[in-house]
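The values are calculated or read from the model by the stated rules, or taken from the named source; none is laboratory data. This one's a predicted model, so the numbers in the text were calculated from it and none came from an experiment. Neighbour counts are summed over all protein chains in view; Cβ atoms, including those assigned to glycine, are modelled from backbone coordinates with ideal geometry. Keep in mind that these areas ignore ligands, DNA and RNA; they rest on the heavy atoms of the full protein, side chains included. Shrake-Rupley method; radii C 1.70, N 1.55, O 1.52, S 1.80 Å.
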Amino acid sequence: MFVLVEMVDTVRIPPWNFHRQLNEAVAEELNKKLANKVVYNVGLCICLYDITKLEDSYIFPGDGASHTKVHFRYVVFHPFLDEILVGKIKYCSQEGVYVTMGFFDDILIPPESLQQPAKFDEAEQVWLWEYETDEGAHDLYMDQGEEIRFRVTDEVFVDTSPTGPATAASDTAAQPGQSTAPPKEDGGEKKEAPYTLIGTISEPGLGLLSWWNS
């Protein structure tokens, strides 16, 4: 679940921190920059583990700060595929069950990965499992806050770095019947998470469903 990742970065130390020990100032700047941030194709950064090497520091013209190339190891949340994790149901939607681990919320269990047969209760806004017994079917609701265990089946990284304004294709002639009006801005556009885990509920025979109770 947690891994140590070797990284290299150039750390800028402002002049008012020159009185501090270099290691201490570098560690603070690295945690400011990386802690609780997602690094593309790496994972969610948690905290600095240690500094392995400090190269020479330089002060460049026009900037009173020092710049030091630093080699370090960082604790990163990056589960491996098929790893079993424990979380709590954050909420449910038509897209599936969203799970939180307290420090990480972008976990989705899609409908096809839930225990089957499953259906979405529109009134309660929860998924339920129609569990079959000798006495008939029982609806087991996946309520908010319930603890579950799930297996990581996939991960999705999205590059959310800022991009420039879209270029307008004003030189292209409009086709017959095509509107020449600019597209409307969607003010309610949902932001994509930079890092999402996709999971599946484990088989009940493995005893991995804490909410399973017939």
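Overview of results
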| read-out | value |
| --- | --- |
| Total residues in region 52-90, condition touching a residue at least 12 places away in the same chain (Cβ under 8 Å) and on the phi > 0 side of the Ramachandran plot | 1 |
| Candidate set: region 87-110, residues that are among the hydroxyl-bearing types (Ser, Thr, Tyr) and more than 13 Å from THR196 (Cα to Cα); chosen: the one nearest to the chain's Cα centre (by Cα) | TYR91 |
| Residue satisfying all of: in region 87-104; of a type in the set (A, V, I, L, M, F, W, C) and either in a strand (DSSP E or B) or open to solvent by less than 50 Å² (accessible area, probe 1.4 Å) (or both); nearest to VAL38 (Cα to Cα) among these | PHE104 |
| Wholly enclosed strands (runs of 3 or more DSSP E) of region 1-86 bearing at least 3 residues crowded, with 17+ Cβ neighbours inside 10 Å and within 22 Å of the chain's Cα centre (by Cα) | 43-59, 66-77 |
